[in-house]
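Report on one structure; see the data block that follows.
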């Protein structure tokens, strides 16, 4: 690698993105330290001995610095060239988990690396899926208005999601849904997104409203639409409109009467159904759950899960008030009342210590990063770089929105880490690689990449 190339690479780097990344990583170490701080055992050595989670996170950050430097000094042409090969490697790595994987917290999605460290291929595969999608959509003569092209793009992003579901990693599987926002930017018909959001709204309505009442409401809505369009249907003989309205009504009633109950009672585990119900303020009856009944049939007690994590999280966030209790003064955080508060519920420690004001500023940093990534995406000259940049923005937005909503009870607890802040080497490494590939591609935006 020539010295002139290295100088040009560093010259065009978006340093704002680098500083935002570094700031968020430091905030993450700070939050993990607040969770684990014990004055009886604390010394300067605990930052480097590898026996505490914050010292491990510092080690992970050091490794990520090396990886980020390597990416910055690499040739940006490598990423479109090896995108498909990396995607195949990622899929193979995810499949290998079924053979050599390790079960952690009921999820067999980890590969043990030794020394207490584990790799989660589903995390890394988000990068490979983003690169593969960018590679596919940047092909010459690509017409994304065709159904075949849309189907292939959906398969590229949903295949890792399907494998994640088989590994009992529903949360990570949902992350791959964020790629549909990228596809929409590249020409995916808005009607597909409308159908998706409408389905989500129907599922929520099914959980909130008594089934017969909802069925009657859907029928009245269909009848009202037919009445409004009666001239087009009955006078102008446009029977296709009538058929569409009746078909949509039939599908919606079928979903709320049969599909949703089947999924919650026969497909989901009791704890999964309970988490979703609790997110909408409802209580799920585990006596209706097939898996819970099978557990009871074996003589084991089917313990009904509760929303203890979320309740404790909301108490911690609420106790922070406007300005917070102060650094290392959070009673809920220090008292270990919130489970998994160094990973999925890391936001609670920051909110309790620095209050609403601190949380607002913290989320403002994320907003600035997302806004900057969108700016970077729109200034790219190549389709590959633009699609990849929007993929990074979509994945980050999904993680941030779901994690924060999860901690305040607005979304089910599905194990989504807060980017660059939650404890975990796989997560930190994934977001580091993802962000610095973006920075590397942007540094060469004057080049036309394929």
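The values are calculated or read from the model by the stated rules, or taken from the named source; none is laboratory data. The structure presented is a predicted model; accordingly, all values stated were derived computationally and were not measured. Cβ coordinates were reconstructed from backbone atoms using ideal geometry, including for glycine residues, and neighbour counts include every protein chain displayed.
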Query raised in the report: Just to be sure, is residue 168 assigned to a loop (DSSP other than H, G, I, E, B), closer than 30 Å to residue 92 by Cα, free of Cβ contacts under 8 Å to residues at least 24 places away in the same chain and in the same structural domain as residue 417 (by TED's automatic domain parsing)?
Result: no
Report task. May I ask you to say which residue of 122, 132 is in the same structural domain as residue 183 (by TED's automatic domain parsing) and modelled with pLDDT under 85? Result -> 122
Query raised in the report: Only one of these conditions is not met by residue 187: (1) more than 20 Å from residue 260 (Cα to Cα); (2) surrounded by fewer than 16 Cβ atoms within 10 Å (Cβ to Cβ); (3) at pLDDT 90 or above. Which number is it?
Result: (3)
Query raised in the report: Out of the stretch 394-426, which residues are under 27 Å from residue 282 (Cα atoms) and part of a loop (DSSP other than H, G, I, E, B)?
Result: 408, 409, 410, 411, 412, 413, 414, 415, 416, 417, 418
Query - Cβ-Cβ under 7 Å pairs, at least 6 apart or on other chains, the stretch 260-289 side free of Cβ contacts under 8 Å to residues at least 24 places away in the same chain, far side assigned to a loop (DSSP other than H, G, I, E, B) and surrounded by 15 or more Cβ atoms within 10 Å (Cβ to Cβ) - result: 273/284; 273/289; 286/302; 286/304
Query raised in the report: Only one residue in 224, 202 is out of contact with any helix residue (DSSP H, G or I) (no Cβ under 9 Å at 6 or more places or on another chain), in a helix (DSSP H, G or I) and at pLDDT 80 or above. Which one?
Result: 224
Report task. Return a yes/no flag: does the stretch 74-96 have any residue that is in the same structural domain as residue 139 (by TED's automatic domain parsing), under 30 Å from residue 30 (Cβ atoms) and in a helix (DSSP H, G or I). Result -> no
Query raised in the report: Does residue 357 meet the test of being closer than 30 Å to residue 17 by Cα, modelled with pLDDT of 85 or more and surrounded by 14 or more Cβ atoms within 10 Å (Cβ to Cβ)?
Result: no
Report summary line: The residue from 270, 286, 252 that alone is more than 25 Å from residue 311 (Cα to Cα), outside the structural domain of residue 147 (by TED's automatic domain parsing) and within 29 Å of the chain's Cα centre (by Cα) is 252
Report task. Considering (1) buried (at least 19 other Cβ atoms within 10 Å of the Cβ); (2) more than 30 Å from residue 378 (Cα to Cα), say which one residue 182 fails and leave the rest. Result -> (2)
